[in-house]
Structure formats: C-alpha cells, structure tokens
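Each remark here refers to the structure printed beneath this line.
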Ligand code: ACM
C-alpha cells in the first residue's frame with residue numbers, strides 16, 4: 001500500500017488533498033468489503049477520496065434478482081450509515097460506487113458523502129454490457145457539487161467512452177471529475193489523459209483489481225487507478241494488481257485555465273451551432 005505526495009503542486013490558493021483507494025472487493029461480502037474500506041481510511045488525512053464502482057457488493061452479478069438482493073436504499077443502509085460516520089470522523093468527502101435500490105428500480109450509482117451526510121447521488125448513464133441485465137439506466141442529470149471550494153462532477157466507469165459526459169461536466173465548470181470504476185478493458189486509463197487534456201480538468205479514476213469468480217464465469221479487473229491533471233498530465237498511476245491508497249495535493253483552480261495558445265481557449269472556441277445532432 002502506498003500513501004504518498006510525490007506529485008504535490010504548489011500554489012497560494014486553496015489546495016485540496018485528493019486521492020483514491022484501489023482494492024479487491026469480495027463478491028457479495030458487503031460487511032467485509034466495508035470493513036476493509038473503513039480500516040484502510042481510518043487515519044486518512046484528505047479532502048476527497050474516490051472508491052471504485054460497486055466496492056461493497058462486487059460486480060459480476062448472476063442476474064437482476066441477485067443484484068436486487070445485494071443493493072441497498074441509501075436512505076436505509078447500514079453501509080451508508082458507516083460511511084457517513086467515517087466522513088464525519090475524518091472530516092472527509094468520499095465518492096463511492098454503490099448498488100442502489102430505489103423502490104422497484106436498481107441503479108449502478110455513485111454517492112458523494114461528506115461530514116454533513118449524503119450530498120449527492122449520481123446514477124450511471126451508460127451501462128456496460130451485462131449491466132443492462134442487472135440495472136436500470138441512470139436517470140440523474142450530470143451536475144456539479146461543491147467540495148471545499150472545488151466543483152466536482154462524477155461519472156462511472158464506462159461513461160468514459162462517451163466524451164460527452166466529461167464535456168458536459170467541464171462545460172459547467174468542473175475542476176475535478178471523480179470516476180469510480182470496475183474496468184475490464186484496457187483502453188480507459190490512457191484515454192482519460194485525453195479527456196483531461198481536451199477539457200482541462202483533473203480526473204480521479206479509482207479502479208478495483210482482482211477478479212469476480214462466479215459459477216457463471218469470471219471477470220478480471222485492470223487496477224491502475226490514476227490521477228490526471230489538466231493538459232493530460234498523469235500525476236500518478238497505481239500498479240495493476242496491488243492494493244493502493246494514494247493522496248496528493250492539487251490546486252483545483254488550475255482547471256480554470258482553458259487556454260491552449262494565446263488565441264485559443266478550449267471552451268470559448270467551441271462552435272456548437274455546427275455540431276448538429278450532437279447537441
Ligand atoms: C464498466 O463500466 N464497469 C466496465
């Protein structure tokens with residue numbers, strides 16, 4: 001496990017300590033996975049930590065019924081209750097994946113939890129492969145939330161392949177994109193450098209590692225959680241198959257510099273009136 005600050009960037013403005021926890025959830029073992037997270041973060045000194053997608057249930061569900069049984073309503077969840085206590089105790093904001101049950105629906109969600117409690121729920125818009133059998137498609141708009149002066153937006157795993165998601169958050173003024181993930185393909189980590197370059201934002205991709213080995217098959221996850229700075233600069237990337245708790249200090253205001261040359265600004269220079277069906 002590493003806990004470093006090698007990529008510290010100095011500024012006189014408000015700095016934020018951000019990071020992620022990459023680990024290997026055990027399928028279906030919500031209490032054990034929660035215990036692992038709580039124990040890993042028990043001494044954490046940070047403003048914002050991102051956890052992987054579905055870190056408590058695991059990922060490779062057999063069917064919708066199994067997903068329904070393991071999912072929880074955040075308003076009546078012992079998992080969320082413990083995470084709220086952790087955030088209060090450590091004065092911390094957490095963005096975590098969460099299998100969310102709401103009435104007859106089940107969403108692959110991400111929760112923003114802070115010292116004040118549950119702040120925001122984002123429901124994954126773009127379901128990957130068999131997730132379409134397990135979850136309902138997300139129905140929450142892409143919005144920003146304030147964390148200690150920074151504007152953060154959230155997307156979940158496969159949302160990365162739709163550049164519109166990061167763009168929609170950046171156009172609203174996001175400083176940091178939080179990106180809980182369970183990546184099984186190898187393209188995302190590299191592509192996130194482009195997402196950060198073309199939008200001039202920070203991104204925290206928190207991925208899991210290991211495998212979900214189930215009677216119906218096995219899925220392997222790619223690790224390599226990372227933090228990327230505006231201009232597509234990779235600040236840190238974890239190993240593929242190792243636990244990692246990492247934090248670094250950033251100046252979120254660096255994401256406000258959208259200049260590319262003296263005469264180009266990546267938001268102002270857009271020509272949406274020519275983008276046709278895209279908008
Ligand atoms: C994914 O969206 N979990 C690949």
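So which residues in the stretch 24-41 are away from the ligand (no atom under 16 Å from the Cβ), touching a residue at least 40 places away in the same chain (Cβ under 8 Å) and part of a loop (DSSP other than H, G, I, E, B), if there are any at all?
28, 41
Which of (1) part of a loop (DSSP other than H, G, I, E, B); (2) within 13 Å of the ligand (Cβ to nearest atom); (3) under 16 Å from the mean Cα position of the chain (by Cα) is the odd one out, the single condition residue 142 does not satisfy?
(2)
Tell me, please, whether a residue that is surrounded by fewer than 17 Cβ atoms within 10 Å (Cβ to Cβ) and not in a strand (DSSP E or B) can be found in the stretch 243-252.
No, the stretch 243-252 contains no residue that is surrounded by fewer than 17 Cβ atoms within 10 Å (Cβ to Cβ) and not in a strand (DSSP E or B).
Does the stretch 107-118 hold any residues that are more than 15 Å from the ligand (Cβ to nearest atom), touching a residue at least 40 places away in the same chain (Cβ under 8 Å) and buried (at least 20 other Cβ atoms within 10 Å of the Cβ), and which are they?
112 - this is the single residue of the stretch 107-118 that is more than 15 Å from the ligand (Cβ to nearest atom), touching a residue at least 40 places away in the same chain (Cβ under 8 Å) and buried (at least 20 other Cβ atoms within 10 Å of the Cβ).
When residues of the stretch 186-241 are filtered for being touching a strand residue (DSSP E or B) at 6+ places or on another chain (Cβ under 7 Å) and over 30 Å from residue 264 (Cβ atoms), how many remain?
18
Determine which member of the set 189, 226 is closer than 17 Å to residue 159 by Cα, crowded, with 24+ Cβ neighbours inside 10 Å and modelled with pLDDT of 95 or more.
Result of the check over 189, 226: 226.
Could we say that residue 84 is touching a strand residue (DSSP E or B) at 6+ places or on another chain (Cβ under 8 Å) and modelled with pLDDT of 95 or more here?
Here the answer is yes, as residue 84 does meet what is asked.
Out of 151, 167, which single residue is assigned to a helix (DSSP H, G or I) and either at positive phi or over 13 Å from the mean Cα position of the chain (by Cα) (or both)?
After ruling out the rest, the residue left standing is 167.
Within the stretch 119-139, track down each residue that is surrounded by fewer than 16 Cβ atoms within 10 Å (Cβ to Cβ) and away from the ligand (no atom under 13 Å from the Cβ).
Answer for the stretch 119-139, where residues must be surrounded by fewer than 16 Cβ atoms within 10 Å (Cβ to Cβ) and away from the ligand (no atom under 13 Å from the Cβ): 133, 139.
Examine the stretch 52-64 for a residue that is touching a strand residue (DSSP E or B) at 6+ places or on another chain (Cβ under 6 Å) and away from the ligand (no atom under 16 Å from the Cβ), and state whether such a residue exists.
No, there is no match, as no residue in the stretch 52-64 is touching a strand residue (DSSP E or B) at 6+ places or on another chain (Cβ under 6 Å) and away from the ligand (no atom under 16 Å from the Cβ).
Mind counting the residues in the stretch 145-161 that are within 11 Å of the ligand (Cβ to nearest atom) and either out of contact with any strand residue (DSSP E or B) (no Cβ under 8 Å at 6 or more places or on another chain) or under 21 Å from residue 74 (Cβ atoms) (or both)?
Count: 6.
Sort through 255, 174 and tell me the only one that's part of a helix (DSSP H, G or I), crowded, with 23+ Cβ neighbours inside 10 Å and more than 16 Å from the ligand (Cβ to nearest atom).
Criteria check complete, one pass: 255.
Cβ-Cβ under 8 Å, sequence separation 6+ or interchain: first residue in the stretch 155-184 and touching a residue at least 24 places away in the same chain (Cβ under 8 Å) and farther than 24 Å from residue 17 by Cβ, partner assigned to a helix (DSSP H, G or I) and away from the ligand (no atom under 16 Å from the Cβ). Which pairs?
Between residues of the stretch 155-184 that are touching a residue at least 24 places away in the same chain (Cβ under 8 Å) and farther than 24 Å from residue 17 by Cβ and residues that are assigned to a helix (DSSP H, G or I) and away from the ligand (no atom under 16 Å from the Cβ), the close pairs are 163/198; 164/278; 167/198; 167/199.
The values are calculated or read from the model by the stated rules, or taken from the named source; none is laboratory data. Just so it is clear, the structure is predicted and the values come from calculations on it, not from any experiment. Cβ coordinates were reconstructed from backbone atoms using ideal geometry, including for glycine residues, and neighbour counts include every protein chain displayed.
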